[in-house]
Structure formats: C-alpha cells, structure tokens
Ligand code: ADP
Ligand code: MG
C-alpha cells in the first residue's frame, strides 16, 4: 500500500468510525509502510496505539483488505524514545489478542478466546465479591472436584466473566494438558444448531463430553430455547457424572431464571451457588486504584489530582464496566492533551456518564438488597404469601421502590407478582407509619436506603 492509497482508505474510515473518532484517532496516524500483511503506523504515545488498535483495528484492516491490500496485523510505534521497559512497537491488540484456545493432542476445542487481562492478580477483592472469589480460587486449584457445578451469579459488569477467565488461565497454567472449555451459552447454542444442521451431532456430543472442565457463561441466554437447554442439560449431566468440573454463570440465581426448565434449575443448585453483590464504595475505589497502577506500569507517567478517584468511586456506582470506561476515557484524554487529570477535567469529560449514573437504583437491586437484609427469598417478593415475616420485607421493598425509583404504583405492583396498585399504596403508607412508631423499622429503612444509594 502506498501513502496515497492509505489516504483513500483513511477517508473511507471517516464514514465508518464517525467524524469525531476520525479526527481524534485516525487522522493523526502516521502511515509508515506495509509489508507482508503488516501495516505500520507512527503514533504519539503507546496508549494511543493500543486504543486505536483495540477500537478501530478491525475496521482499518477490513478497509485495507477491501482495497486489495492484504493486512492481518497492525503495528503502532511511538516516535519518542520509549522508557527502557516498554517495547517500542506494539502489535495489534497486545492485550486482547485472541489466545489460542487450549490446544491438546486430542484436538482444538471450539471455545471463546480468553481475555489476558482477566486474571486473578487483576481481580480486586472486596466484601461484595469475596465469596465468589474464594470459590473461584478453590476451583482453579484443580484436583478433586468438591462442588459441582460452581454457579456464579450477579448483575451486569460485576466480574463473572473475569472470574471465569481467571479460573481458566490458572487451570491452564497449573496443568497445561487439561482440556478446559470456556464459552458463552450463546456460543453453545450456536455450535449446537450448527451441529444439527451439518448432521454432526455425534461429533458435537463427543467433543463436549471429552473436556475436563466446562465453563458456560451467561446461561440465562438459553432459557426458553427448548432444544438447546435440553442438550445443555445432557452435556451437563454427562460431565458431572464423570466427575468433571462444570462452572456456570448467570445474571440471577438458578431458581430465578425464567424460562429455564425446573429440572435444570434444580440440578444447577446441586453444587455451590455464590453471588457477586453490587459493588460498594471501597471496592470501586480499589478497582480504580489498581487500574491506574496497571496503566502507569504499562504506558507512561500519569498525573491524577487527589480526590479524582474517590469522586469517581462515589459517583459511578452502576457497574465496573462503566467505571472502567470512565477511567479509560480520562486516560485517553490526558494522553492527548498531556495534562494532569483534575476534578474539573473529570466532571467535564465524563458529564454524560455521570449524568447516567445519577442515583439510578433498579427495582431488581432493591428486591435483592431487601431479600439479603431480611434473609427472605427473591421468590417470596412475588409470591402471594402474606405472613408477617415476608409481607413486611415486601412492603419495605415497595416503599424503597417508590422512594428511590421513578416507577409508578401500578408498575411497582406489577413487578411484585402482579399486585394491584392499591396494595402498593397501602404498603408505602404502612412503612411511613411504622417508621414513625418503630425505631427498628426506621433504622432498617434508613440503612437500606443508604446501601442502595451507595
Ligand atoms: P460480568 O461478566 O459480570 O458482566 P465482567 O467480568 O465482564 O462482568 O466485568 C466487567 C469489567 O469489570 C471487566 O473489565 C472486569 O475486568 C472488571 N471487573 C469487574 N470486577 C472486577 C474486580 N473485582 N476487580 C477488577 N476488575 C473487575
Ligand atoms: Mg459476562
């Protein structure tokens, strides 16, 4: 490819990535050459190279290939003398480069690539995730299977996938010959349908039954998909019967996955079921601090004013992915303008994220917190049961829903097992009354409110 041809390709990229991205990331790339499927660019900092590679690498290669220039790798190098411990050139997606999926003598497994960042050393442990972490560590030690399956559940972005990959990495390191298969439930379904279509069910079954460890992520995906869940059930049973470790994740507890057959629900509860709770302030701060350290070690000097991380940990409480996204944006910004990250810069450049995460508590979180707090089951919230030890927590959850969310009375009633809106009105009044008379209730309400808003 010539300079001129790159000019054309680049112009096309403007349409694909949008004008802003184009001006910020693509235009400043200095085209250096193309040889043997490798295209090189000069960039100002290693971070910029990584960012472009990760976010636009595929697009860039796709466009080049379309123009008849075969490219399968991008290299970004910094013009500045790099610090001694950082390599000058970064290969395309250095961190996220798909890892070979556990090859063994018996052939390759059709798993999903493991993210190299998702290891145990990069998992920050705090109160909300300590149990899940301990269980994952235990399973990662290998050896005799003590609980089968390990079932991890929790809301979006709380670290389920991270823990699963960490287990896979660790097992692979401890015993390189072990056949560990990690895939999402969606991929499981896709393989299954493919096998049906290609009349290769025998191979499919054989392959899945030949692994030593099976990990299926986001199993809620197969709920309602009858033949897939059937096949999953048989695979699962076959492995557990052979004493092979199975690890499953989902966004809620086995019993709460709607559309999943009862026999599967109950089977999934045979082993150890642990949940990842919503993050608290300390954990969020710990995660931010760790990310900053990793960034500094890998890229460059970074100046952050006091209080910025605390501010982010306090204000962004939705999930870790959003928190990371915010930090990455700040890094990118600081890297471009070469200035210290201040509170002002953070508020300004993260305005959209901060607005979104302004006190957005969901009814789901409320119910879960209330269930934990009073030690009742999620299903009790929806059930018609009216005994005091269940009715009171349910009323409390309704009261919190009214006070912390924008939901209407009918909407709340609907979510609590299809109750009438008058029931919700009654519950809200009841808790308000009780708060005035009963200091225990007042304290419960206050504590729950604070935990949910944290
Ligand atoms: P889930 O699968 O539960 O939706 P992920 O495992 O994909 O969530 O986590 C979302 C992001 O947050 C990932 O980048 C992950 O590395 C990060 N993350 C979540 N929990 C932690 C933690 N305790 N320590 C460090 N990073 C975390
Ligand atoms: Mg996940």
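Full extension of the chain between residue 227 and residue 421 gives 66.0 nm of extra length, using 0.36 nm per residue less the Cα-Cα distance. In the range 273-390, one over the average inverse separation of all distinct C-alpha pairs is 16.4 Å, which is the Kirkwood hydrodynamic radius. Dividing the Cα radius of gyration of the range 188-296 by 2.2 N^0.38 Å, with N the residue count, gives 1.34. A Förster radius of 22 Å, combined with the Cβ-Cβ distance separating residue 122 from residue 54, puts the computed FRET efficiency at roughly 0.85.
Its relative contact order, with pairs defined as Cα atoms under 8 Å and 6+ residues apart, puts the chain at 11 percent.
With angles folded into 0 to 90 degrees, how steeply does helix 3-17 sit against the dominant principal axis of the chain? Use alpha carbons for both and round to 10. Helix 3-17 sits at roughly 10 degrees to that axis. Neighbour counting of Cβ atoms within 10 Å sorts the residues 218, 72, 50, fewest neighbours leading, into 72, 218, 50.
Extension gain, residue 282 to residue 451, is 59.6 nm, computed as 0.36 nm per intervening residue step minus the present C-alpha separation. The length gained on full extension between residue 3 and residue 138, counted as 0.36 nm times the residue separation minus their Cα-Cα distance, comes to 43.2 nm. For the range 363-453, a/c is less than 1.5, where a ≥ b ≥ c are the root eigenvalues of the C-alpha gyration tensor. That puts it in the rounded class.
For the chain, the longest principal axis of the alpha carbon atoms and the long axis of helix 439-453 meet at an angle near 20°. From least to most packed, judged by other beta carbons within 10 angstrom and beginning with the fewest, 292, 52, 125 follow the order 125, 292, 52. A simple spin-label model places the labels of residue 439 and residue 27 6.6 nm from each other, with each point 7 Å out along Cα-to-Cβ.
Of all DSSP-defined beta bridges confined to the chain, some 30% are antiparallel rather than parallel. Computed from the Cβ-Cβ distance with R0 of 30 Å, the FRET efficiency linking residue 197 to residue 238 stands at 0.85.
An ellipsoid equivalent to the range 230-281, defined through the eigenvalues of its Cα gyration tensor, has semi-axes of 23, 14, 8 Å when rounded to whole angstrom and sorted largest first.
Residues 262, 251, 420, arranged from fewest to most other Cβ atoms within 10 angstrom of their Cβ, appear as 262, 420, 251.
Once you sort the root eigenvalues of the Cα gyration tensor of the chain as a ≥ b ≥ c, which label holds: rounded (a/c under 1.5), prolate (a/b larger than b/c) or oblate (the other case)? Here the chain falls in the oblate category. Helix 185-197 and the longest principal axis of the Cα set of the chain meet at an angle near 70°.
Read-outs throughout are calculated quantities, based only on the coordinates presented, and are distinct from any laboratory measurement. Please read all numbers here as calculations on a predicted model, not as lab measurements. When we count neighbours, we look across all protein chains shown, and the Cβ atoms used for this are built from the backbone with ideal geometry, even at glycine.
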